[in-house]
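Please read the structure below before turning to the comments.
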Amino acid sequence: IGKELVKKAWGAVLGSLAGMLIYIWIRFEFQWGLAAVVALAHDTVITLGLFSFFGYEMSLPVVAAFLTLVGYSANDTVVIFDRIRENLRARGGIVTSLSDLINTSLNQTLSRTILTSLLTWIVCVCLFALGGPALRDFSFVLVVGIIVGSYSSIYIASPILVMWQEWIGQRVKSKVPPEPPKPVAKKVRSAKV
């Protein structure tokens, strides 16, 4: 039963990550979706590693906690990406530096991210401390996951957008053909016959 539960849990988490990629790809662009999924995978792997390190037991409530974590972190990332898109539209799609635009957008959403994450984290800590053994595994995933999810929304997803844009820029520059040489006009004398 344990192997089947782990297999189904992995299927549920990977399916939710694939669903998030498709959703963000449709709502934004592919590279935005890829950045969000990398951040979500980071959240899941780090939280699962700490969950295993502390010796907690995998169960259906824990699977629900991981899915909740993926949804929570995706929401946080989408809020930041939405602000980036709004700022991009406000500038008419013309940006001299994407990293500056992302930095501005992060600063505009930072207080919201910190307040939301902090209040949710406090509730999860209370569940962990006072919820008893039935909620301990579930709340542990959320206590760790909220911290990791907030971190990844700011420090993982957004920098991936910048790295992707720089990589695309370098590829475009390398594919631009050099200008052909300009023909030199010569005076040609007609030959007398």
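The values are calculated or read from the model by the stated rules, or taken from the named source; none is laboratory data. Since the model is a prediction, treat every value here as computed from it, not as a measurement. What goes into the accessible areas is simple: the full protein's heavy atoms, side chains included, and nothing from ligands, DNA or RNA. Shrake-Rupley method; radii C 1.70, N 1.55, O 1.52, S 1.80 Å.
Considering only protein heavy atoms and a probe of 1.4 Å, how much of the accessible area of region 29-78 is carbon and sulfur, as a whole percent?
Carbon and sulfur atoms account for 73 percent of the accessible area of region 29-78.
Just the accessible area per residue of region 1-159, please: how many Å² with a 1.4 Å probe?
53 Å²
Got a number for carbon plus sulfur as a percent of region 101-163's accessible area, 1.4 Å probe?
So the carbon and sulfur contribution to the accessible surface is 77 percent.
Strictly greater than 21 Å: what percent of every Cα pair in region 40-147 meets that? Can you show the working numbers first?
Details: 2579 of 5778 pairs.
Tail of the P(r) past 21 Å holds 45 percent of the pairs.
Which entry is the computed mean projected area of the Cα convex hull in nm² for this structure: (i) 18.2; (ii) 12.5; (iii) 9.4?
Only one listed value fits the structure, namely (i).
Can you work out ³J(HN,Hα) from phi for every residue in region 83-90, in order, using Karplus 6.51 cos²θ - 1.76 cosθ + 1.60 and θ = phi - 60°, giving whole Hz and x for Gly and Pro?
5, 4, 5, 4, 5, 5, 5, 5
Using Cα centres only, tell me the gap between region 140-174 and region 84-129 in whole Å.
13 Å
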